[in-house]
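Enquirer: Handing you this structure, nothing more for now.
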């Protein structure tokens, strides 16, 4: 940057004509100086080497800024951050009004823990592109990590002024409040973030917030759920995510595709996975994700083909077999569905979801003994998760084995206290048998549980009113 300032002063002194001449010369020099040396001690994929060669040749021959941007993207997306950083430094000077460059450089520096260096870059990105919310959230994140909590709070509030329900901004506010010991307000923000994201955002911290505010039962219940799911998704960031169309690391590109899918950008998600299939044709996870996208788009034949390829490449991944069962059933091919289920259980005998799928099919066909064996197997496989207890109890209710079902649900709620589905089933049963007091108690517990959906509560309230001719 010092060189750029010296050049600016010299050009101003020499006048406008000299400015144009020197500007071209300086830009050309800067472009060439921004070409990194090749990474040492690593074997780059041949396809990546060819792409880098082409970009460098374009830079040297045509002095092209777009070629430098291509080179930055190639190095960044493939994890060669020092080389990408040199490219971005050049782009910052060559295109100072483009918000993308400070944002992408800041993402590298923040990843290295260079927070104070990343902060002004994120500020510059926000100034140049104030409506690009990922930059605002990232700014808040690095400010908070650097212990600038007041400024971090302001950054997150800036996001909420544009989008009042942004889950990552709500999470950010909660983290600032937790740092200050303001647990009640932190809890409210975490609940809002969790509600907007199916507990993928804020759910883990909410356990701590419940404990700190005396809601120990809720904390235990949510902790069990978090243990079962373990889900957390980083903020979708299109400027970063789109880099990966040039990534030759199949895992990194597949993860980026998942981010694009969650952000609703199906075209980018598919392009990324098709790119992975070209550079790593035996990478099973990419075909699985492609199957998920085609399922979402209701392109069932395409989804089946992708899942079959994934199962062929990695037959040990039980989720692929479960998807194949359901996709084939959805397409009307019951034979293929049954074959996929039996093959999946043979190859993945410890999958609770596959056993649940087979149990449901046994029950629908009147094979109740076989169904019960599978339901019990689920509990044996995962005794510390509520899923098996819920599924088995539902089956027992259909068999009019009510006392056994309630006993199973009581075991489940010991494992995951205040689990909404268990509370809902037990509340419905209490309404059905006319136990008004018990039904009211269970409904109150459901209302106090943030994971309970409004629809499930409303349905139970309606049934309560019909049964007892009063509000609970």
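Enquirer: Identify all residues within segment 105-147 that are touching a residue at least 12 places away in the same chain (Cβ under 8 Å) and part of a loop (DSSP other than H, G, I, E, B); write none if there are none.
Expert: Listed by number, the residues that qualify are 112, 129, 131, 132, 146.
Enquirer: Let me ask you something else. Of all residues in segment 25-57, which are modelled with pLDDT under 90, touching a helix residue (DSSP H, G or I) at 6+ places or on another chain (Cβ under 6 Å) and not in a helix (DSSP H, G or I)?
Expert: none
Enquirer: Cβ-Cβ below 6 Å, separation at least six or inter-chain, first residue in segment 324-341 and at negative phi and in contact (Cβ under 8 Å) with a residue 60 or more places away in the chain, second loosely packed, with under 14 Cβ neighbours inside 10 Å and not in a helix (DSSP H, G or I): which pairs?
Expert: Pairs that qualify, where the first residue is at negative phi and in contact (Cβ under 8 Å) with a residue 60 or more places away in the chain and the partner is loosely packed, with under 14 Cβ neighbours inside 10 Å and not in a helix (DSSP H, G or I): there are none.
Enquirer: Hey, any hits in segment 396-417 for a residue that's farther than 30 Å from residue 308 by Cα, within 27 Å of the chain's Cα centre (by Cα) and outside any helix (DSSP H, G or I)?
Expert: Within segment 396-417 (the criterion being farther than 30 Å from residue 308 by Cα, within 27 Å of the chain's Cα centre (by Cα) and outside any helix (DSSP H, G or I)), the answer is yes, since at least one residue qualifies.
Okay, residues lined up against (1) buried (at least 19 other Cβ atoms within 10 Å of the Cβ); (2) touching a residue at least 12 places away in the same chain (Cβ under 8 Å); (3) farther than 27 Å from residue 444 by Cβ; (4) in contact with a helix residue (DSSP H, G or I) (Cβ under 6 Å, 6 or more places away or on another chain):
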{"site": "364", "(1), (2), (3), (4)": "no, no, yes, no"}
{"site": "369", "(1), (2), (3), (4)": "no, no, yes, no"}
{"site": "386", "(1), (2), (3), (4)": "yes, yes, no, yes"}
{"site": "401", "(1), (2), (3), (4)": "no, no, yes, no"}
{"site": "406", "(1), (2), (3), (4)": "no, yes, no, no"}
{"site": "409", "(1), (2), (3), (4)": "yes, yes, no, yes"}
{"site": "419", "(1), (2), (3), (4)": "yes, yes, no, yes"}
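Enquirer: Let me ask something else. Only residues that are modelled with pLDDT of 95 or more and within 16 Å of residue 235 (Cα to Cα): list them for segment 100-125, please.
Expert: Across segment 100-125, the qualifying residues are 103, 104, 106, 107, 108, 110, 122.
Enquirer: Taking segment 258-275 only, how many residues are closer than 18 Å to residue 200 by Cβ and at pLDDT 90 or above?
Expert: Of the residues in that region, 1 qualify.
Enquirer: Does residue 290 count as in a helix (DSSP H, G or I), modelled with pLDDT of 95 or more, touching a helix residue (DSSP H, G or I) at 6+ places or on another chain (Cβ under 7 Å) and more than 19 Å from residue 344 (Cα to Cα)?
Expert: yes
Enquirer: Identify the residue in segment 243-261 that is in contact (Cβ under 8 Å) with a residue 12 or more places away in the chain and closer than 22 Å to residue 197 by Cβ and, among all such residues, is surrounded by the most Cβ atoms within 10 Å (Cβ to Cβ).
Expert: 257
Matching residues to (1) surrounded by fewer than 17 Cβ atoms within 10 Å (Cβ to Cβ); (2) under 16 Å from residue 144 (Cβ atoms); (3) out of contact with any helix residue (DSSP H, G or I) (no Cβ under 8 Å at 6 or more places or on another chain):
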position: 172; (1), (2), (3): no, yes, no
position: 180; (1), (2), (3): yes, yes, no
position: 186; (1), (2), (3): no, yes, no
position: 189; (1), (2), (3): no, yes, no
position: 194; (1), (2), (3): no, no, no
position: 198; (1), (2), (3): yes, no, yes
position: 201; (1), (2), (3): no, yes, no
position: 204; (1), (2), (3): no, no, no
position: 212; (1), (2), (3): yes, no, no
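To keep it simple, each residue is scored yes or no on (1) farther than 23 Å from residue 327 by Cα; (2) surrounded by fewer than 21 Cβ atoms within 10 Å (Cβ to Cβ).
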position: 263; (1), (2): yes, yes
position: 270; (1), (2): no, yes
position: 278; (1), (2): yes, yes
position: 285; (1), (2): no, no
position: 288; (1), (2): no, no
position: 291; (1), (2): no, no
position: 297; (1), (2): no, yes
position: 303; (1), (2): no, no
position: 306; (1), (2): no, no
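Enquirer: Follow-up question, since we're still on this one. Among the residues of segment 346-355 satisfying the criterion of being more than 26 Å from the chain's Cα centre (by Cα) and in a helix (DSSP H, G or I), which is surrounded by the fewest Cβ atoms within 10 Å (Cβ to Cβ)?
Expert: 346
Enquirer: Looking at segment 263-275 only, could you name the residues that are closer than 29 Å to residue 168 by Cα, assigned to a helix (DSSP H, G or I) and touching a helix residue (DSSP H, G or I) at 6+ places or on another chain (Cβ under 8 Å)?
Expert: 266, 268, 269, 270, 271, 272, 273 - these are the residues of segment 263-275 that are closer than 29 Å to residue 168 by Cα, assigned to a helix (DSSP H, G or I) and touching a helix residue (DSSP H, G or I) at 6+ places or on another chain (Cβ under 8 Å).
The values are calculated or read from the model by the stated rules, or taken from the named source; none is laboratory data. From a predicted model like this one, the values you see are computed outputs, not experimental measurements. Every residue, glycine among them, receives a Cβ derived from its backbone with ideal geometry; neighbour counts consider all protein chains shown.
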